[in-house]
Each structure stands twice: as C-alpha cells, then as structure tokens.
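These notes concern the structure reproduced below.
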Amino acid sequence: MKPDKTLKPLLDALLARLPVGDEGLVAVVDLAVLVAMADGKFDDAERAVVTSSIETIVGGRLSRSVLQHLTSESRAQLRALGPDASARRIGELLAASGCAEEGLRVALAVAWSSDGLADVERARIVQVAEGAGLTAERVDELVAETWPDDA
C-alpha cells in the first residue's frame, strides 16, 4: 500500500470530524502508533505510514527530529496507559467525535501497510472499535472494504 495515495483521503475524512488542535493530532498519531506497534515491531513500512499520517495532519513535511519526538511521545503514552486502555480511550474519542469508522479505516490502512493485517493488529483494531461502540462484525466488514488490491 502506498501511504501517500491511499491514506490521505482516509485521514482527510477523519480529520474533518476530529477536534481541531492537539487533541485530534494526538488521537490520530496514537491510533496509528497503537496499530503499528501491535505486533511488537515498528518496521519501516509502518514508520512510513505513521510519518505520512503526521505530515498529512500538519499539512507539510516535518524534520526527522520532530517526527521522532511525536512518535516517541505517543509510544510512551501508550506504554503508560497500556495498549488495552489506550485502544478503549482512542475508540471513545473517535465515537465522541462521530468518526469511529473513519478512524478504523485509518487503523486498517496502517495495518495493511506492512505484511498485511496480522491477527494481533486486527485484535487491537477490534478493541478500538469496541471502545467506540462498534462490533467485531463491523470491523470484519471494514476489513473487506479496505482489502488492498495487492494483498
């Protein structure tokens, strides 16, 4: 999956509904990092998608040090809360903003970006969905909708 072509419309749809400012930025970065780290590794393809996500949100390219700072802060926050509580918190924020499905589509794009959708990534996305009040069945439907042509 090419993050610049497929991720931008997904992020645009999500950002149109999230609060403007830091809370929306943090939610999207945390969502992307949560899914990228679900399998215990944060590989180059996932890092590229997270970077593309952040740069799309802020509307331009950022220095490597700023990107590292944002992802490091997100990883620290996710570790402090724990992945389960983080997934629920992100899901609740998405639901409160009326953009749960948009958020799940972004999460799936991150998951598809590297070696396909791993079971552990799908499980983490289901946790986000449940925090947003959506079912695992709806996640299955979104998986089918977002299945990349090259998977």
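The values are calculated or read from the model by the stated rules, or taken from the named source; none is laboratory data. Note that the structure is predicted; figures quoted are calculated from it, not measured. Side chains included, ligands, DNA and RNA excluded: accessible areas come from the protein's heavy atoms. Shrake-Rupley method; radii C 1.70, N 1.55, O 1.52, S 1.80 Å.
On a per residue basis, segment 11-92 carries 50 Å² of accessible surface, using protein heavy atoms and a 1.4 Å probe. Take every Cα-Cα pair in segment 37-81 and report what % of them are more than 11 Å apart. Considering segment 37-81, 69 percent of its Cα-Cα pairs are separated by more than 11 Å. Membrane-span-like helices in the chain (whole DSSP H runs, Cα extent of at least 20 Å along the helix axis, mean Kyte-Doolittle hydropathy of at least 0.0): 22-36, 44-58. Measuring nothing but alpha carbons in segment 69-124 and taking Rh as the Kirkwood radius, the Rg to Rh ratio lands at 0.98. Extents of segment 7-103, taken as max minus min of Cα coordinates on every principal axis and listed largest first, are 31, 31, 20 Å.
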